[in-house]
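> Quick one: structure below, then a few questions.
The values are calculated or read from the model by the stated rules, or taken from the named source; none is laboratory data. These numbers come from a predicted model, not from an experiment. Methodologically, a virtual Cβ is constructed for each residue, glycine included, from the backbone with ideal geometry; neighbour enumeration extends over all protein chains shown. Just the protein is used for accessible areas: all its heavy atoms, side chains included, with ligands, DNA and RNA removed. Shrake-Rupley method; radii C 1.70, N 1.55, O 1.52, S 1.80 Å.
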Amino acid sequence: MQKSDRMKFKVPIEADIHEEVVAAHNEGVSAEMLNRVNFFVGDACKLKDYSSEIGTFDGVTMANLLCRLPDPMACLDALPHVVNKGGVVVMVTPFSWLEDFTPRSKWLGGFRDPVSGEPLYSIDALQTIMEERGFEKIHDEEMPLVIREHQRKYQYIISQATAWRKQ
């Protein structure tokens, strides 16, 4: 969207049927503003490897990502390398750990302590992990959202939305 004011993409309707839609900038968005926005697509578990290539950011959004990574700690460990001091990471996750995506040994929580039997919750582990990496939690809320799979199938989930400022 930096190179053009419009971008076409497809939205699934049913099976292999898609509808083409267009995303467009609001009027009045300057070239200077467009040049300040960067998007990067890559392997979130290798974010640290990309850090010299992509630089650092004032804001990072991680939406419905953490519990779908094969190694969530690799991603979290890289955040201090790609977030500027004072920058904010917004993380939205339902913590719906599944072994299809993340080996059980890499889950942040969602299981019982093998010694005490006490439940270990992902949000508590995330708090400790982010603080150890120099981030302070500045926001926390439950966020309902709907994921559209196609015109007749939707997922309704409630994710944990947190924001973390790098100290």
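> Count, please, the residues in the stretch 145-164 that happen to be of a type outside the set (Asp, Glu) and over 18 Å from Leu66 (Cβ atoms).
The initial filter retains those residues of the stretch 145-164 that are of a type outside the set (Asp, Glu), namely 145-148, 150-164.
Keeping just the survivors that are over 18 Å from Leu66 (Cβ atoms) gives 146, 148, 150-154, 156.
Qualifying residue count, the stretch 145-164: 8.
> Given the residues Gly109, Gly87, which is the only one that is out of contact with any helix residue (DSSP H, G or I) (no Cβ under 8 Å at 6 or more places or on another chain) and at pLDDT 95 or above? Explain how you work it out, then say what you get.
On the way: Gly109 fails: out of contact with any helix residue (DSSP H, G or I) (no Cβ under 8 Å at 6 or more places or on another chain).
It is Gly87.
> Sticking with this one: What number of residues within the stretch 1-30 are open to solvent by 70 Å² or more (accessible area, probe 1.4 Å), among the hydrophobic types (A, V, I, L, M, F, W, C) and either over 24 Å from the mean Cα position of the chain (by Cα) or under 26 Å from Thr56 (Cα atoms) (or both)?
Matching residues across the stretch 1-30 total 4.
> Just need a number here: residues in the stretch 109-132 that are under 20 Å from Lys166 (Cα atoms) and over 17 Å from the mean Cα position of the chain (by Cα).
4
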